[in-house]
1. Among the numbered conditions (1) in contact (Cβ under 8 Å) with a residue 40 or more places away in the chain; (2) more than 16 Å from the ligand (Cβ to nearest atom); (3) among the hydrophobic types (A, V, I, L, M, F, W, C), tell me where Ile119 comes up short.
2. Does segment 125-137 contain at least one residue that is away from the ligand (no atom under 12 Å from the Cβ) and within 17 Å of the chain's Cα centre (by Cα)?
3. Which of the residues belonging to segment 88-112 are surrounded by fewer than 14 Cβ atoms within 10 Å (Cβ to Cβ) and farther than 26 Å from Leu17 by Cβ?
4. Could you tell me which numbered condition Leu65 fails, if it satisfies all but one of (1) surrounded by fewer than 13 Cβ atoms within 10 Å (Cβ to Cβ); (2) of a type outside the set (Lys, Arg); (3) modelled with pLDDT of 95 or more; (4) more than 16 Å from Lys19 (Cα to Cα)?
5. List every residue pair whose Cβ atoms sit under 7 Å apart, with the two residues 6 or more apart in sequence or on different chains, where the first one lies in segment 30-45 and is in contact (Cβ under 8 Å) with a residue 24 or more places away in the chain and the second, anywhere, is surrounded by 15 or more Cβ atoms within 10 Å (Cβ to Cβ) and part of a helix (DSSP H, G or I).
Amino acid sequence: MSNEQTRFVIDSSLGTLAKWLKIMGFDAHYQSLYQDNEIEKILKEGRTLLTKNRQLQDRLDPLILITHNKIKDQLLELKNPGFLPMDRKYWFRRCIICNVPLHSVQSQYARGRIPDFVIHQNTGEIKFCPKCKRYFWPGSHRVRMIKQLEAWGL
Ligand SMILES: [Zn+2]
């Protein structure tokens, strides 16, 4: 199983966890609101539910109960038992808003849409979200996120 094949549906109370899982390339479906029985339907896509709600344990499957409140502890609670394959090549390959894989784009196509200095510094490293049309590139923001993940033990 690679990061991209590990698919989750994440309940509304775990938005920060969803964001960091997407940063690491996991397919992390998240909504701030789910209708009745909606999670049940999404689970049929071959996903595992991440939730803090113990009452769902008897009703929904597969499910991983998240017991910690801090994001670091939540990530380790998934990583340590082996629920998160750790392959860094998948980091920053998914749109953290749309949860879809990013496409690589030639820098000339991004010209005018992202700052010129980014084009000069990151040839070949620019990615594009086919859904929200945002561009992504390595920069100080990404360096901070990598340092944060490393500090947490990921
Ligand atoms: Zn997007």
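1. (1)
2. yes
3. Across segment 88-112, the qualifying residues are Ser104, Gln106, Gln108, Tyr109, Arg111, Gly112.
4. Among (1) surrounded by fewer than 13 Cβ atoms within 10 Å (Cβ to Cβ); (2) of a type outside the set (Lys, Arg); (3) modelled with pLDDT of 95 or more; (4) more than 16 Å from Lys19 (Cα to Cα), Leu65 violates only (1).
5. Taking only residues 6 or more apart or on different chains, the pairs are Tyr30/Ala18.
The values are calculated or read from the model by the stated rules, or taken from the named source; none is laboratory data. Computed from a predicted structure; not experimentally measured. We place every Cβ from the backbone using ideal geometry, glycine too, and count neighbours over all the protein chains shown.
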